[in-house]
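Below: one structure, written as structure tokens.
The values are calculated or read from the model by the stated rules, or taken from the named source; none is laboratory data. A quick note: this is a predicted structure, and the numbers were derived from the prediction, not measured. Here the Cβ is made from the backbone with ideal geometry for all residues, glycine too, and neighbour counts use every protein chain on show.
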């Protein structure tokens, strides 16, 4: 009798262990018969299995398949980012730690970037065409924005080369699988153009003076401060030209994220500007686009190279339709 009882107890323990595991269940739908869940919603509802993070967050999808959740697609496009800079391409100097309340006290006597291998990185098509866009905008949000025919052509060329990368191809596949992109082959391109490059007002009574691309990748000035400006390439180039003064780091985290304090355009202060260091233009546009469409006006929790990262995005509520007001890593 005691052998039968022991067998029943052990069987129950094995069933419970299986029910509490994500083994073979990553990305699956809600199963009310299980004690815990294994999809991206479980973090919000607090019912993830204990091994969800180790098994599912960033776990690779089967070859040739489309990832089912944010962790999967973030990890996939990180792996596909062949244009990301290696450690030999970039050297930085963090120097002193500062805070957002320091008032711009300089804790760094030297530039943040010590070395960037421009010959290798900036000759790559997505980099070179991205850089051609950085001087197309007036930094002031009080100035009416106007792009010439040539500047719009530069925008088109950047989209051409960005869309011709595995990062963007996987991004399109994922967004189509979620019903966030539909239509013909040009639909994804049109969506990127609308989200990032359509000019808009930043206030209900303001001028048409901004775009998602300008705010996030180029940076803007408003009154006596810097807004946006979340890209390492623009930071490096402006620092090299002597127009940007790095004041020190507010925060540091992996994979290669910095919250920096700096002044730009005649001393206007950015108390904390966060950005990835070394990621390609196409990767940043892709991950921000995914997070904006999947988690608009919210925090988008992902894993990159084994590290937890949150992306914050906001829609521009002062303009009809969806346009990216801002996007940045936290």
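General remarks:
- Some residue of the range 71-84 being surrounded by 13 or more Cβ atoms within 10 Å (Cβ to Cβ) and within 23 Å of residue 243 (Cβ to Cβ): no
- Of all the listed residues (129, 153), the sole one being within 22 Å of the chain's Cα centre (by Cα) and either within 30 Å of residue 294 (Cα to Cα) or at pLDDT 95 or above (or both) is 129.
- Meets criteria (in the same structural domain as residue 273 (by TED's automatic domain parsing), surrounded by 14 or more Cβ atoms within 10 Å (Cβ to Cβ), modelled with pLDDT of 70 or more and closer than 29 Å to residue 167 by Cβ) for residue 39: no
- Taken over the range 268-278, the criterion of being over 12 Å from the mean Cα position of the chain (by Cα), without any contact (Cβ under 8 Å) to a residue 60 or more places away in the chain and surrounded by fewer than 20 Cβ atoms within 10 Å (Cβ to Cβ) is satisfied by 268 alone.
- The C-beta contact set for the range 239-258 (first residue touching a residue at least 12 places away in the same chain (Cβ under 8 Å), second residue assigned to a helix (DSSP H, G or I), distance under 6 angstrom, 6+ apart or interchain) comprises 244/238.
- Filtered by the rule that a residue be without any contact (Cβ under 8 Å) to a residue 60 or more places away in the chain and in a helix (DSSP H, G or I), the range 126-141 gives 128, 129.
- Flag if residue 123 is under 30 Å from residue 168 (Cα atoms) and either in a loop (DSSP other than H, G, I, E, B) or touching a strand residue (DSSP E or B) at 6+ places or on another chain (Cβ under 7 Å) (or both): yes
- Exactly one residue out of 255, 281 is surrounded by fewer than 22 Cβ atoms within 10 Å (Cβ to Cβ) and under 16 Å from residue 90 (Cβ atoms), and it is 255.
- Residue list for the range 292-330, restricted to those being loosely packed, with under 15 Cβ neighbours inside 10 Å, closer than 21 Å to residue 200 by Cβ and touching a helix residue (DSSP H, G or I) at 6+ places or on another chain (Cβ under 9 Å): 321
- Subset of the range 112-147 [touching a helix residue (DSSP H, G or I) at 6+ places or on another chain (Cβ under 7 Å) and farther than 20 Å from residue 212 by Cα]: 112, 113, 116, 121, 122, 125
- The set of residues from the range 98-116 being surrounded by 14 or more Cβ atoms within 10 Å (Cβ to Cβ) and over 16 Å from residue 281 (Cβ atoms) comprises 98, 99, 102, 104, 106, 107, 108, 111, 112, 113.
- Counted as qualifying within the range 142-229 are the strands (runs of 3 or more DSSP E) with 3 or more residues that are assigned by TED's automatic domain parsing to the domain that holds residue 315 and surrounded by 14 or more Cβ atoms within 10 Å (Cβ to Cβ), namely 208-210, 220-222.
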